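These notes are about the structure you will find just below.
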Amino acid sequence: MNKDRIKGKVKDVAGRVERQAGEWTSDSKTQAEGIAKQLEGKVQNAWGKVKDATRKESDKAQPSSKPPQSAPDITDSEEESH
């Protein structure tokens, strides 16, 4: 999870709280600001998900940086012990 997803979720929750406070106090300006903040948070969270998915696919596409490890050859070790 990247920073955009975390920040987006925080803005979304803060916007919900602000929108709800506006509803309780019948303050349409506070409601509108809360809705805007909530939308901004949802967009930022979605952007973070896209970045995570892209990073994940990029990691899958790249070959491993470690060379393949070979198993010891049993026939060689048997010949050495005789």
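Condition check: among the basic types (Lys, Arg), at pLDDT below 85 and part of a helix (DSSP H, G or I). Does LYS56 satisfy that?
no
Go through (1) surrounded by fewer than 10 Cβ atoms within 10 Å (Cβ to Cβ); (2) at pLDDT 75 or above and name the single condition ALA14 misses.
Going through (1) surrounded by fewer than 10 Cβ atoms within 10 Å (Cβ to Cβ); (2) at pLDDT 75 or above one by one, ALA14 breaks only (1).
Cβ contacts < 7 Å: first residue closer than 14 Å to GLN31 by Cβ, restricted to the stretch 1-20; second residue of a type in the set (S, T, N, Q) and surrounded by 18 or more Cβ atoms within 10 Å (Cβ to Cβ), any location; separation 6+ or different chain. Result?
Pairs found: GLY15/GLN38; ARG16/GLN38; ARG19/GLN31; ARG19/GLN38.
Taking GLN31, is it surrounded by 15 or more Cβ atoms within 10 Å (Cβ to Cβ), modelled with pLDDT of 95 or more and assigned to a helix (DSSP H, G or I)?
yes
The values are calculated or read from the model by the stated rules, or taken from the named source; none is laboratory data. Owing to the predicted nature of the structure, the values given are computational and were not obtained by experimental measurement. Cβ coordinates were reconstructed from backbone atoms using ideal geometry, including for glycine residues, and neighbour counts include every protein chain displayed.
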